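Here is the structure we will look at, set down as structure tokens.
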Amino acid sequence: SCGSYSDLTIKNSIIKNSHAGSNGGGINSNRSNLFLDSVIFTGNSSPGAGSINAGTTDESIIVDININNCTFSDNYSEGTTAGAQLGWGPSEVFISNSTFENNNSYKCAPFRIYSDFEIDSCVINNNYSESHSGGGAIFGPSTGFIKNSIFSTTSVDESNPNGNTGGLLTGASSNVYFTTCTFVHNPSMPPG
């Protein structure tokens, strides 16, 4: 847990089988810049964000969240996000060369982003969510780019009446721009 106006850097590490009673089974970062490089998150869980919960509750600062060459696999959340809940409050999120695979949650299995962002050269594969999105979600007044990335075999419970999309869910106030991305075999409940 990193809670107050800090810079947290983690490299070449494994964060495995950790559990939190609230948010961020692996890492809970508030009001701090977060830099992750070559970190594996596996088997982590919490009621909120299974692996990472990062952003800021201080509206007077902007935090940077950088994730590079990381793997999120087999993480679980009975609440929002099994993989990474990123960018609440004034934040900027950058994710590159990372994999989100086999994560399971009630909502938005691999990641949920609330701020301006860039996702580049990532693989989002075989994640499952009971509602909202099996392939991740972008919410809030946010603008961002998703480039050179693959969303495959992500799914949402087809029997859930609140199911939205198997691929990627974007909120009404979000602007998302795609370049050279592939979406394949992402089943969901049809609308209506």
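The values are calculated or read from the model by the stated rules, or taken from the named source; none is laboratory data. Model, not experiment: these values are computed from the prediction. So basically every Cβ, Gly included, is an ideal-geometry build from the backbone, and we count neighbours across all protein chains shown. To get the accessible areas, we keep the full protein, side chains included, count just its heavy atoms, and leave off ligands, DNA and RNA. Shrake-Rupley method; radii C 1.70, N 1.55, O 1.52, S 1.80 Å.
Screening Phe100 against (1) in contact with a Lys or Arg (Cβ under 7 Å, 6 or more places away or on another chain); (2) within 18 Å of Asn186 (Cα to Cα); (3) not hydroxyl-bearing (Ser, Thr, Tyr) leaves a single unmet condition, (1). Taken together, the residues in region 129-145 that are at negative phi and within 13 Å of the chain's Cα centre (by Cα) amount to 7. Sort out which residues of region 92-143 are of a type in the set (S, T, N, Q) and open to solvent by less than 10 Å² (accessible area, probe 1.4 Å), and write them in order of number. The answer is Ser98, Asn103, Ser105, Ser115, Asn127, Ser129, Ser131, Ser133, Ser142.
Per-residue answers, yes or no, for (1) at pLDDT 90 or above; (2) of a type in the set (A, V, I, L, M); (3) part of a loop (DSSP other than H, G, I, E, B); (4) closer than 19 Å to Asn103 by Cβ:
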residue: Glu130; (1), (2), (3), (4): no, no, no, yes
residue: Gly140; (1), (2), (3), (4): no, no, yes, no
residue: Gly144; (1), (2), (3), (4): yes, no, no, no
residue: Phe151; (1), (2), (3), (4): yes, no, no, yes
residue: Asn160; (1), (2), (3), (4): no, no, yes, yes
residue: Phe178; (1), (2), (3), (4): yes, no, no, no
residue: Phe183; (1), (2), (3), (4): yes, no, no, yes
